[in-house]
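Since the structure comes first, as structure tokens, the remarks are kept for the end.
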Amino acid sequence: MDISNIVLAALHESEGIGWKTIERIMHHGGIRSEMLHYRAKDWEACGVGVETAHHLEHNFMLTVESVTNRMSDDDMNEPRQRYNSASNLTNDQKIRIITALDTLYPQRLHSSSQPPWVLYAIGDLQLMEMPSIAMVGTRLPTAYGKKVAAVLAEELAEAGFAVVSGMARGIDSVVHDAVLARDGRTIAVLGGGIDVVYPPENRSLYEDIADKGLILSEYPPGTKVRPGFFPRRNRIIAALALGTVVVEADARSGSLITADMALEAGRDVFSVPGQVTSPKSRGTLDLIKQGAKMVTCGADIIEEYEIWLPKGIKDSYNKERQEDHFAAGENAGLTNDELEIYHRLEQGPGSLDDLLEQTRWDFGHLHSVLLSLIIKKQITQLPGAIYKII
């Protein structure tokens, strides 16, 4: 492995060294092997602060040693480096270090506002160069949001795109699960250390992605999740993809940050419309007002990137087929009245009184429709005459 990659990885993991400090070092002549022998004054000449420069003089070689010790003998002459984290990973799950100086570094990341200097990866690195679409949304989606996210993710996976998301609760998890269920390719970009599973309940999903997809993080192993890490993580999600789809988002959703970063990186932004009365739709509807392309089926996205599609895939995908996909799921065969109630409950559980007010139906008819949906196992009744989709 080129010594410059080791130096950059060690700088990235050094105390007091952030993205901007490394940028200053890059502007002062770049990463050089001589840095292994730098004194404090040499680091200061590269734009490093006095206190950090003295820290590097005394501790940098220890960090270099730590990084080097993680590498296997077989990998020492390759740009991809591996090591195991015994607390969280099996012997088959190798963490690879990829620096911005590596030939393996994904080209699309170079166009982000702050390309990560170092990436830690588990899984299939080839996915970074696949045509990919990012999908993001609220952590508390409605039944409607979950269904739309799953269907769109499936359609994108079937068309040959890798689907990128953040493995968070809600839409992110739905997207990853849907792609894996179709034997598709998915990339999870984490907001903490590459070996830190967050949220904890996504342990099984994490392992599936590590085995069948790709997990990425710019944070060294063991780094605990912090709220401020997620907005920075979003720029990687946006830059890796050709475009970003926002499924459900309220007016202050972090998903809108991803959309903004996609625009900064020169990427397309797509938005799924929702009910105008739903708080979960405010962010997505605002995006559409601002010029994001409205999405009602996977073909709305796929048609923008036909040049990326494998031969033969383009002809097999059309809007009519994909629009039918939404209606051909678990609620196929429902009457129009049953579909109306089902779609209302997609926005969240509703009481009998709420449904009576919304539909203006008489009690007997509404009760009959609700009972039919229960029998068909589409909805369930909760205490207090509250109904929700199963």
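As a rough guide to protection, the peptides 218-225, 33-40, 148-155 ranked by mean Cβ packing within 10 Å, highest first, stand as 148-155, 218-225, 33-40.
With everything on Cα atoms, drop me the angle between helix 50-69 and the longest principal axis of the chain, reported from 0 to 90° to the nearest 10. Helix 50-69 sits roughly 80 degrees off the main axis of the chain.
The packing ranking, built from the mean of other Cβ atoms within 10 Å per residue, places the peptides 338-348, 285-295, 377-387 in the order 338-348, 285-295, 377-387, highest first. Can you flag which of Lys146/Lys212; Lys147/Lys212; Lys293/Lys376; Lys20/Lys147; Lys224/Lys289; Lys20/Lys280 are past 32 Å Cα-Cα? Table pairs above 32 Å Cα-Cα are Lys293/Lys376; Lys20/Lys147; Lys224/Lys289; Lys20/Lys280. Taking all Cα pairs closer than 8 Å and separated by 6 or more residues, the relative contact order of the chain comes to 12 percent. Which residue fluctuates the most in the chain, going by a Gaussian network model with Cα springs under 10 Å, if the choices are Gly18, Gly243, Gly123? Per the Cα network of the chain with a 10 Å cutoff, Gly18 tops the list. Seen through its C-alpha gyration tensor, with square-root eigenvalues sorted a ≥ b ≥ c, region 150-263 comes out oblate because a/c lies at 1.5 or above while a/b is not bigger than b/c. Taking the Cα centre of the chain as reference, the dipole from Cβ charges on Lys and Arg (+1) and Asp and Glu (-1) amounts to some 580 debye. Give the angle, between 0 and 90 degrees and rounded to the nearest 10, that separates the Cα long axis of helix 255-264 from the longest principal axis of the Cα atoms of the chain. Tilt relative to the chain: about 60 degrees.
The residues of the chain expose, per residue, 45 Å² of accessible area to a 1.4 Å probe.
Rolling a 1.4 Å probe over the protein heavy atoms of the chain, with every protein chain left in place, gives an accessible area that is 50 percent carbon and sulfur. Take every Cα pair under 8 Å whose residues are at least 6 apart in sequence, average their separation, divide by the length of region 99-181, and the relative contact order is 29 percent.
3J(HN,Hα) couplings calculated from phi for region 149-158 with the Karplus curve 6.51 cos²θ - 1.76 cosθ + 1.60 (θ = phi - 60°) are, in sequence order, 4, 5, 5, 4, 4, 4, 5, 5, 5, 5 Hz; Gly and Pro show x.
Using Cα atoms only, what is the angle between the long axis of helix 363-375 and the major principal axis of the chain, expressed in degrees (0 to 90) to the nearest 10? So the helix axis and the longest Cα principal axis differ by about 50 degrees.
The values are calculated or read from the model by the stated rules, or taken from the named source; none is laboratory data. From a predicted model like this one, the values you see are computed outputs, not experimental measurements. Note: ideal-geometry Cβ built from the backbone for every residue, glycine included; neighbour counts use all protein chains shown. Side chains included, ligands, DNA and RNA excluded: accessible areas come from the protein's heavy atoms. Shrake-Rupley method; radii C 1.70, N 1.55, O 1.52, S 1.80 Å.
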